[in-house]
Amino acid sequence: MKKLLGVLLVAVMSWPTQAAVLKNVEVTGEIQTIASDVHHNNLMGVYSRGANGRVLAGLSADLVEDVTANLLFQYAHAWADNDSNEGKSVQDYWDNVKLVNANVVLHNLFCALDLTVGRQFYGDEDSAVMYIGPNHYNAEAAGYVDSIDAAKLTYADDVKALTLIAGTVNDYTAWSSDAPIWSDEKYDMFGGDFRLNLADGFTAQVYGYDFTANGDDVAAGTDKHSGFYGAKVGMNAEAVRAAVEYARNFGGHRLIKEHKDTGYMVKADLAADIEAITARGAFVYAKQGFEAEGNYTPGLLVGHLYPAYGREIWEYSNEGLRLFNLGFDMKAAEKWVFSLDGYTFQARTGHATTYEADLTAKYNHNEYVQLFAGVGYAKYTKNEKYGAQSRDAMEASDNVKGQIGMLIKF
């Protein structure tokens with residue numbers, strides 16, 4: 001943390017003399033710490049044990065009228081990730097500091113638009129198809145952050161909202177079976193999102209995103225264009241919420257060309273409030289080969305593991321995914337929320353079922369500080385749950401996982 005504050009101090013001192021006129025300067029960021037442990041009944045442990053910490057800290061300020069600048073740094077590490085009690089060298093720690101946001105926002109452009117230029121996060125954290133940014137509550141992903149260097153143009157009023165974006169995604173993490181490491185993988189992306197408020201509580205959304213391969217990859221046989229498009233409709237009444245989403249992949253050497261066996265996803269969610277209890281349900285059906293950039297990580301075990309190992313939850317089996325979820329949230333007191341969830345993860349045709357049950361608790365100390373904990377159990381059947389990894393090593397494994405953490409936002 002001291003190192004990050006030092007970085008920010010250097011950044012502030014680097015402003016030109018005119019920086020004295022900066023207005024509305026704010027320090028922003030968050031601290032997330034997660035510790036987890038898991039019991040396996042097989043020899044090959046695939047879930048994380050130990051604790052990880054992530055600090056995001058930066059500044060936001062108005063440079064001049066209708067221009068805001070944003071800087072955000074990340075430091076992430078595993079506890080006791082050194083060979084001795086003396087710790088690592090200063091250089092080792094510096095190497096783990098990454099600049100994840102560095103952008104300017106032009107407000108009221110042409111009296112109607114906002115333009116964000118530079119490194120930024122993008123999307124909604126609860127989106128199943130598009131999110132680039134920090135994750136939360138996931139002990140398997142260790143908290144490393146992706147961002148995108150892009151130009152993003154937005155327009156919004158009470159009825160509609162349009163977003164257009166073009167840039168290069170900075171995928172900072174590559175995953176091995178042992179630990180996450182930094183990488184420099186990058187890929188170009190452009191697309192858009194259009195949302196409508198159809199009536200009170202009713203919304204509709206359409207979107208599409210293309211990822212463009214570089215010339216060397218295309219020459220080696222990779223599709224020049226690949227991506228997805230889709231639509232989502234939702235209802236948000238006083239005590240009932242529902243949403244249905246459909247997304248579909250495309251790929252080829254020209255835009256919006258589909259292969260014969262293209263992947264797709266259908267996702268439906270329903271929630272109802274009954275006094276202090278919220279009942280929830282979800283259904284997901286995805287054909288094999290479906291790929292997206294979302295942040296859908298259902299449960300504490302199966303859903304958390306796949307993104308951490310560089311795969312999507314949609315690759316549960318060689319046939320895709322069929323998922324059922326039933327859950328309940330109970331606000332037991334002013335600051336406490338308890339959740340109970342049951343999941344079935346299946347191949348798309350209904351076999352190779354994994355059952356998972358989770359109990360989680362969140363304590364909201366105040367509007368900035370939250371403590372959370374959870375325990376989950378997964379009962380596997382014999383199936384190739386982890387793709388290319390050994391079937392013999394992975395099948396018929398039961399897992400019990402516990403995790404505990406803290407989240408501070410400022």
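The values are calculated or read from the model by the stated rules, or taken from the named source; none is laboratory data. Bear in mind that the values here come from a model prediction, so they are computed numbers and not experimental data. Note that we place each Cβ from the backbone using ideal geometry, even for glycine, and neighbour counts take in every protein chain shown. For accessibility, only protein heavy atoms count, side chains too; no ligands or nucleic acids. Shrake-Rupley method; radii C 1.70, N 1.55, O 1.52, S 1.80 Å.
Could you list, in sequence order, the residues of region 302-331 that are at pLDDT below 90 and assigned to a loop (DSSP other than H, G, I, E, B)? Give the derivation first.
Within region 302-331, the subset at pLDDT below 90 is 302-320.
Tyr309, Gly310, Arg311, Glu312, Tyr316, Asn318, Glu319, listed by residue number.
Would you check if there is a residue in region 102-116 being open to solvent by 60 Å² or more (accessible area, probe 1.4 Å) and either closer than 24 Å to Thr360 by Cβ or of a type in the set (Ser, Thr, Tyr) (or both)?
no
Considering each residue of region 129-179, count those that are outside any strand (DSSP E or B), at pLDDT 90 or above and of a type in the set (Phe, Trp, Tyr), and give that number.
1
I'm trying to understand the selection: among the residues of region 361-394, which are among the small types (Gly, Ala, Ser), modelled with pLDDT of 80 or more and exposed (fewer than 14 other Cβ atoms within 10 Å of the Cβ)? Show your work before the answer.
Keep residues of region 361-394 that are among the small types (Gly, Ala, Ser), which gives 361, 373-374, 376, 378, 387-388, 390, 393.
Okay, now just the ones that are also modelled with pLDDT of 80 or more, so 361, 373-374, 376, 378.
Once the filter is applied, which keeps residues that are among the small types (Gly, Ala, Ser), modelled with pLDDT of 80 or more and exposed (fewer than 14 other Cβ atoms within 10 Å of the Cβ), region 361-394 yields nothing.
Being modelled with pLDDT under 95 and of a type in the set (Gly, Ala, Ser) is the filter; apply it to region 254-288 and report the residue that is nearest to Asp126 (Cα to Cα).
Per the stated criteria, the residue is Ala286.
Every residue, every condition in (1) more than 29 Å from Ala373 (Cβ to Cβ); (2) over 22 Å from the mean Cα position of the chain (by Cα); (3) not aromatic (Phe, Trp, Tyr), yes or no:
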site: Val100; (1), (2), (3): no, no, yes
site: Gly118; (1), (2), (3): yes, no, yes
site: Ser127; (1), (2), (3): no, no, yes
site: Asn135; (1), (2), (3): no, no, yes
site: Ala150; (1), (2), (3): yes, no, yes
site: Ala156; (1), (2), (3): yes, yes, yes
site: Ile165; (1), (2), (3): yes, no, yes
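Name the residue that is modelled with the lowest pLDDT, counting only residues in region 180-190 that are in contact with a Gly (Cβ under 8 Å, 6 or more places away or on another chain) and surrounded by fewer than 19 Cβ atoms within 10 Å (Cβ to Cβ).
The selected residue is Asp188.
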